[in-house]
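Below you'll find the structure, written out as structure tokens, and then a few comments.
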Amino acid sequence: MASVGANQKRAGERVAFIAGNWKMNLDHLQAIAFVQKLAWSLKDARHDFSDTEVAVFPPFTDLRSVQTLVSADKLELKYGAQDVSRHLSGAYTGEISAEFLKALDTPYVLVGHSERRQYHRETDDHIADKVAAAVKNGIVPVICVGETAEDLELYGPSAVPVSQLHAALALAGDAKEIVVAYEPVWAIGSGQAATPEQAEQVAEQLRYVIAEVLGGEIADATRILYGGSVKSSNIAGFLRQPNVDGALVGGASLDLAEFASIAQFRKHVGT
Ligand code: PGA
């Protein structure tokens, strides 16, 4: 069986992944301008997309514009949706089906972001259904897990993220690819990121969960991201950890220069 939680990432084993979660910011016109400038800026920096994948997660109304731009200009940037319905079609006013995302060639979808759990009362059951809907349509779910400050105090660092991931994968037995984002709720938008060591500790436990549910090979191949107050000044420390393969970036993903610099983390001093 493939080794899991090894101390060293094997060279070329996992392509780093920098994902920008725009949340409810930037309309479709702003999205077009942003994605164009981001693509130019990464091109100028000779960004190696085969080493570090870069994706943006705009609001639903932007997706068609971003898709058209990416395909017309043959950009190497990827994109994803911020949410998906647990249902595939029918009388669910306001919902967006995974089938519609597939029709827009959407490679990724965020599932279970803490803001969805907190403000939209998404439960573990909803999240398991959403992961299943994505997988069924060939869309890679970026499964978000993370503990609140209260959880941290009550249960320690990894208990809640581990149980959330188990629940999210309940119906995903035949998934070939997933991405997991560990985002401590206390670190999101707070300016108080976790330490790289804290992120590594939880990421390692999450990799064991993936191995248990989906097998060692998929666990080894799965990118585990850290999210929560990531910026260009702290990204490199996270990526030095053996089980952290990228970042889910909120606020800093709306600042073009800052996000491009995060994507270019390998050029930062000391890396
Ligand atoms: P932040 O958000 O980078 O603004 O902390 C991260 C997220 O919510 O995905």
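The values are calculated or read from the model by the stated rules, or taken from the named source; none is laboratory data. All of these numbers come straight from a predicted model, not from anything done at the bench. So basically every Cβ, Gly included, is an ideal-geometry build from the backbone, and we count neighbours across all protein chains shown. Surface areas here come from the heavy atoms of the whole protein model, side chains and all, with no ligands, DNA or RNA. Shrake-Rupley method; radii C 1.70, N 1.55, O 1.52, S 1.80 Å.
Tell me the mean residue ellipticity at 222 nm calculated for the chain from its helices only (DSSP H runs of n ≥ 4, each -39500 (n - 2.57), averaged over every residue, nearest 500).
Details: 11 runs with 110 residues, N = 271.
The per-residue figure over the chain is -12000 deg cm²/dmol.
Any idea how far the Cα center of the stretch 56-111 sits from the one of the stretch 19-34, in Å?
Centre-to-centre distance over Cα atoms comes out at 13 Å.
Using θ = phi - 60° and the Karplus curve 6.51 cos²θ - 1.76 cosθ + 1.60, what whole-Hz ³J(HN,Hα) does each residue of the stretch 191-196 get, with Gly and Pro shown as x?
Per residue, the Karplus-derived 3J(HN,Hα) values read x, 10, 5, 5, 7, x Hz.
Dipole of the stretch 16-269 (Lys/Arg Cβ +1, Asp/Glu Cβ -1, origin at the Cα centre): which of ALA132, ALA16, THR195 lies farthest to the positive side?
ALA16
Write down the accessible area per residue of the chain in Å², having rolled a 1.4 Å probe over the full set of protein chains.
Working: 12390 Å² over 271 residues.
Result: 46 Å² per residue.
For a protection proxy built on the mean count of beta-carbon atoms within 10 angstrom, sort 163-172, 94-103 highest first, please.
Top to bottom by mean Cβ count within 10 Å: 163-172, 94-103.
Among rounded, prolate and oblate, which fits the stretch 51-155 when a ≥ b ≥ c are the square roots of the eigenvalues of its C-alpha gyration tensor, a/c under 1.5 means rounded, and a/b larger than b/c means prolate? Could you put the intermediate results ahead of the total?
Working: a/c = 2.26, a/b = 1.44, b/c = 1.57.
Oblate shape, in that a/c is at least 1.5 and b/c is the bigger or equal ratio.
ALA149 to THR195: extension gain in nm, 0.36 nm per residue of separation minus the Cα-Cα distance?
On the way: separation 46, 0.36 × 46 = 16.56 nm, distance 1.46 nm.
Taking ALA149 through THR195 to full extension adds about 15.1 nm, to one decimal.
Any idea what the dipole of the chain comes to, in debye rounded to 20, about its Cα centre with Lys/Arg Cβ at +1 and Asp/Glu Cβ at -1?
On the way: 24 positive and 34 negative charges, 137 e Å.
About 660 debye.
With the full set of protein chains in place, find how many percent of the accessible area of the chain is carbon and sulfur; take the probe as 1.4 Å.
Details: 6390 of 12390 Å².
Within the chain, the accessible surface is 52 percent carbon and sulfur.
Within a Cβ distance under 13 Å of LEU63, other residues only, what is the Lys/Arg minus Asp/Glu net charge?
Working: positive: ARG64, LYS78, LYS102; negative: ASP27, ASP62, ASP83, ASP105.
With Lys, Arg at +1 and Asp, Glu at -1, the net is -1.
What is the ratio of the Cα radius of gyration of the stretch 16-269 to 2.2 N^0.38 Å, where N is its residue count, to two decimals?
Cα-based Rg divided by the globular estimate yields 0.94.
With only Lys, Arg, Asp and Glu charged, each at its Cβ (+1 for the first two, -1 for the last two), find how big the charge dipole of the stretch 124-222 is about the Cα centre; round to the nearest 20 debye.
For the stretch 124-222, the charge dipole is close to 340 debye.
Place +1 on the Cβ of every Lys and Arg and -1 on the Cβ of every Asp and Glu in the chain, take the dipole about the Cα centre, and give the residue among TYR108, THR93, VAL213 whose Cα lies farthest towards its positive end.
It is TYR108.
If you average the sequence gap of Cα pairs under 8 Å that are 6 or more apart and divide by the length of the stretch 16-269, what percent do you get for the contact order?
Working: 479 pairs, mean separation 48.4, N = 254.
Taking the mean separation of contacting Cα pairs over the length of the stretch 16-269, I get 19 percent.
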